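K.L.:
The following block contains the structure, expressed as structure tokens.
Please treat every number below as a calculation from the coordinates, not as lab data. Since the model is a prediction, treat every value here as computed from it, not as a measurement. Here Cβ is always computed from backbone atoms with ideal geometry, including for glycine, and neighbour counts include all displayed protein chains.
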Amino acid sequence: AEKRLQDLSEYSPTQMFFINYAHIRCAKMTDGYARARVESDEHSLGQFRVNGPTSNFVEYDRAFNCKPGQGNSRMKKCIIW
């Protein structure tokens, strides 16, 4: 049987994958700190590292029942592979 976290049992394993993917990039920062990060860090801020890829990912749409253009789903997807 598939085990689920008690408080998160409403989410499927696929949804939990995407929730965790976003959670590990989650950060709260002041505008000044965010600006400093953009100027000094080669990595994009977490919100862009999550929202960009998932907006193009058909599997994300399927997991959360998003239609193109709804929520974080783009109408026109950028597909690389």
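K.L.:
Could you give me the residue pairs with C-beta distances under 8 Å whose first residue belongs to region 42-62 and is touching a residue at least 60 places away in the same chain (Cβ under 8 Å) and of a type in the set (Ser, Thr, Tyr), whose second residue is surrounded by 12 or more Cβ atoms within 10 Å (Cβ to Cβ) and not in a helix (DSSP H, G or I) wherever it lies, and which are 6+ apart or on separate chains?
P.N.:
Pairs found: none.
K.L.:
How many residues are surrounded by 11 or more Cβ atoms within 10 Å (Cβ to Cβ) and of a type outside the set (Phe, Trp, Tyr) when one looks only at region 63-81?
P.N.:
Matching residues across region 63-81 total 9.
K.L.:
Is it the case that some residue within region 43-61 is part of a loop (DSSP other than H, G, I, E, B) and among the charged types (D, E, K, R)?
P.N.:
Scanning region 43-61, I find no residue that is part of a loop (DSSP other than H, G, I, E, B) and among the charged types (D, E, K, R), so the answer is no.
K.L.:
Continuing with this model, one more query. Collect the residues in region 5-20 that are in a helix (DSSP H, G or I), among the polar types (S, T, N, Q) and either in contact with a strand residue (DSSP E or B) (Cβ under 6 Å, 6 or more places away or on another chain) or under 18 Å from residue 58 (Cβ atoms) (or both), keeping them in residue-number order.
P.N.:
Passing the criteria: 14, 15.
K.L.:
Sticking with this one: Search region 21-48 for residues being surrounded by 12 or more Cβ atoms within 10 Å (Cβ to Cβ) and among the small types (Gly, Ala, Ser), and hand back the single one that is farthest from residue 61 (Cα to Cα).
P.N.:
Taking the candidates together, the pick is 36.
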